[in-house]
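Q: One structure, as C-alpha cells, below. Some questions next.
The values are calculated or read from the model by the stated rules, or taken from the named source; none is laboratory data. Keep in mind that this is a model prediction, so the values were computed, not measured. Heads up, the Cβs are rebuilt from the backbone with ideal geometry, glycines too, and the neighbour counts pull from every protein chain shown. The area values use the complete protein model at the heavy-atom level, side chains included, leaving out ligands, DNA and RNA. Shrake-Rupley method; radii C 1.70, N 1.55, O 1.52, S 1.80 Å.
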Amino acid sequence: ACREYCKRNKYVIVKEFTDEAQTGRNDDRLAFQEMIRAAQDGLFDVLVVHKINRFSRSRYDDAYYKRILKNAGVSIEFVEQKIENSPEGRLMEGVLVSLAQYESENLAAEVLKGMNENAYQCVHNGGIPPLGYDVRPDRRLVVNEREAAVVRTIFRMRAAGRAYGEILAVLNEAGHRTKLGARFGKNSLHDILANEKYRGVYVFGKVKSANGRSGKRNSHKVSADRIVVPGGVPAIVDDETWFAVQDRRKKKENGRNSAKETYLLSGLLKCRCGAAMIGSSVTSRGNTYVYYRCDRQQRTKE
C-alpha cells in the first residue's frame, strides 16, 4: 500500500523501514530508530506510513518523535488516513492516536485478565516451560525426569557451596544443555536457582515492567500483583535444598551490594562479539585493579 501510494504521488523511495511483529506501544524498534536517525541525517523529506497506529500507539512517543521529524524538515503522510494540515486535521490526528493507545492498552488488559484466570488454575500461560518440565495437552506442567535430574544436580551443587563456574564446567562437559539447546551460562543458572516452580510453587506475574510505556521486564523488581499458588506444580527440588540455595544467593547479593568500586561505563561498553563489557576487579599485593571484561566470555568460559 505504501509503495502504491508513492507511485501515485510520483515519490522516489530511498529507503524502507520495517519492524515486523513489533508493537507500536513503545519506541524500542530497531527500524523505527534507524528511520529517526536517517531523517536527522537528511536522507528523505517525506515519511509515508500505512496508518497512524503504525507510527505509534503512545501519545507521548507520537508527539516526541513527530517533533524530531518536523525539526529535521520531514513531513508525514498516512496512506489510509488523509490528515489535513490544519487545526482540525491536527485535532483529528490526536484523537486517532489516543484511540490507538486506548485499543492497545485495553487489549493488553483483557489478555492479562485471561492469563490471570489461567494462573489461578495453575495452567501454563505460554512460552517455553522451564528446564525439567513439559506441558501436557491440558496445558499443565509435568516433570520431564531426564531434565529434572540436571536441575537437581544444579541445586545440590549450589547448596553444597559449589561456585557457578564449577557447576557450569560439570554441566557443559557432560553435554547437558538448556531448554533451548544452548550451553549453560551464569544467567541460565541464576534463572533456574531463583525459579520457585522447582519447589512446587506456581508463580505468575513475578516481575513488573521497567516502565509503564515500554513494557520491558525488570527482573529486579517484584510485582505486588503476582499470583502465587503453593503446590500448583509438581516439585523437583525439596524445600531444604531450595532454601539452602536461597541463603547462598542472598549472601552473594549482599556481598555484591557492598562492593566499593564504581564502574561508570557499565552498560555502555560492548565487546567485539556484541556482548556487554562488565566491570571487574582484582587485588594483588594490596593494590586493587579495576577493568572491564566480556560478559559472554565470563559466563560461558569460551
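Q: With the requirement that a residue be exposed (fewer than 10 other Cβ atoms within 10 Å of the Cβ) and under 16 Å from GLY42 (Cα atoms), what does the stretch 2-13 give you? Step through it out loud before you land on a result.
A: First, pick out the residues of the stretch 2-13 that are exposed (fewer than 10 other Cβ atoms within 10 Å of the Cβ): 4, 8, 10, 12.
Across the stretch 2-13, the qualifying residue is only VAL12.
Q: Out of the residues in the stretch 191-216 that are at pLDDT 90 or above and either open to solvent by 50 Å² or more (accessible area, probe 1.4 Å) or part of a helix (DSSP H, G or I) (or both), which is nearest to SER58 (Cα to Cα)?
A: Result: ASP191.
Q: Looking at LEU265 and the list (1) under 24 Å from ASP28 (Cα atoms); (2) at pLDDT below 65, which single condition is not satisfied?
A: (2)
Q: Condition check: modelled with pLDDT of 80 or more and either acidic (Asp, Glu) or in a strand (DSSP E or B) (or both). Does VAL233 satisfy that?
A: On the way: modelled with pLDDT of 80 or more: yes; either acidic (Asp, Glu) or in a strand (DSSP E or B) (or both): no.
In short, no.
Q: Answer yes or no as to whether VAL135 is surrounded by 12 or more Cβ atoms within 10 Å (Cβ to Cβ) and within 26 Å of the chain's Cα centre (by Cα).
A: Working: surrounded by 12 or more Cβ atoms within 10 Å (Cβ to Cβ): yes; within 26 Å of the chain's Cα centre (by Cα): yes.
Judged against the criteria, VAL135 is a match.
Q: Within the stretch 38-75, count every residue that is assigned to a loop (DSSP other than H, G, I, E, B) and among the polar types (S, T, N, Q).
A: Applying the first criterion (assigned to a loop (DSSP other than H, G, I, E, B)) to the stretch 38-75 yields 41-45, 50-51, 56-58, 72-74.
With among the polar types (S, T, N, Q) added as a condition, the list becomes 56, 58.
So the count comes out to 2.
Q: What number of residues within the stretch 153-178 are of a type in the set (D, E, K, R) and either at pLDDT below 90 or over 27 Å from the mean Cα position of the chain (by Cα) (or both)? Spell out how you get there, then give the answer.
A: Quick first cut of the stretch 153-178, residues of a type in the set (D, E, K, R) only: 156, 158, 162, 166, 173, 177.
The next check asks that each one be either at pLDDT below 90 or over 27 Å from the mean Cα position of the chain (by Cα) (or both); those that pass are 156, 162, 166, 173.
Summing the residues that are of a type in the set (D, E, K, R) and either at pLDDT below 90 or over 27 Å from the mean Cα position of the chain (by Cα) (or both) in the stretch 153-178 gives 4.
Q: I'd like the residue in the stretch 284-301 that is open to solvent by 90 Å² or more (accessible area, probe 1.4 Å) and modelled with pLDDT of 75 or more and, out of all such residues, is farthest from LEU189 (Cα to Cα). If you could, list the steps in order and put the result at the bottom.
A: The first filter runs over the stretch 284-301 and keeps only residues open to solvent by 90 Å² or more (accessible area, probe 1.4 Å), leaving 285, 289, 291, 296, 301.
Then drop every residue that is not modelled with pLDDT of 75 or more, which leaves 289, 291.
Numbers: TYR289: 28, TYR291: 25 Å.
The qualifying residue farthest from LEU189 (Cα to Cα) is TYR289.
Q: Now for a different question. Among (1) closer than 30 Å to ARG59 by Cα; (2) in contact (Cβ under 8 Å) with a residue 24 or more places away in the chain, which single condition is VAL111 missing?
A: Looking at each condition in turn, VAL111 falls short on (2).
Q: For the stretch 86-104, indicate whether the set of residues that are among the small types (Gly, Ala, Ser), open to solvent by 50 Å² or more (accessible area, probe 1.4 Å) and either farther than 30 Å from ALA235 by Cβ or not in a helix (DSSP H, G or I) (or both) is non-empty. Working first, answer last.
A: Taking the stretch 86-104 as the starting set, the residues that turn out to be among the small types (Gly, Ala, Ser) are 86, 89, 94, 98, 100, 104.
From what is left, the residues that are open to solvent by 50 Å² or more (accessible area, probe 1.4 Å) are none.
The answer is no; no qualifying residue exists.
Q: As an exercise: evaluate CYS273 against (1) under 26 Å from LYS197 (Cβ atoms); (2) at pLDDT 80 or above; (3) open to solvent by 50 Å² or more (accessible area, probe 1.4 Å); (4) not acidic (Asp, Glu) and give the number of the one condition it does not meet.
A: (1)
Q: Counting only residues that are without any contact (Cβ under 8 Å) to a residue 60 or more places away in the chain and at positive phi, which one in the stretch 139-182 is surrounded by the most Cβ atoms within 10 Å (Cβ to Cβ)?
A: The residue in question is ARG139.
Q: Kindly provide the set of residues from the stretch 114-132 that are open to solvent by 70 Å² or more (accessible area, probe 1.4 Å), touching a residue at least 24 places away in the same chain (Cβ under 8 Å) and of a type outside the set (A, V, I, L, M, F, W, C), ordered by number.
A: TYR120 - this is the single residue of the stretch 114-132 that is open to solvent by 70 Å² or more (accessible area, probe 1.4 Å), touching a residue at least 24 places away in the same chain (Cβ under 8 Å) and of a type outside the set (A, V, I, L, M, F, W, C).
Here's the yes/no breakdown for (1) over 30 Å from LYS15 (Cα atoms); (2) modelled with pLDDT of 90 or more; (3) among the charged types (D, E, K, R):
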{"position": "VAL49", "(1), (2), (3)": "no, yes, no"}
{"position": "ASN71", "(1), (2), (3)": "no, yes, no"}
{"position": "VAL74", "(1), (2), (3)": "no, yes, no"}
{"position": "VAL95", "(1), (2), (3)": "no, no, no"}
{"position": "LEU99", "(1), (2), (3)": "no, no, no"}
{"position": "GLU105", "(1), (2), (3)": "yes, no, yes"}
{"position": "VAL123", "(1), (2), (3)": "yes, no, no"}
{"position": "PRO130", "(1), (2), (3)": "yes, yes, no"}
{"position": "VAL135", "(1), (2), (3)": "yes, yes, no"}
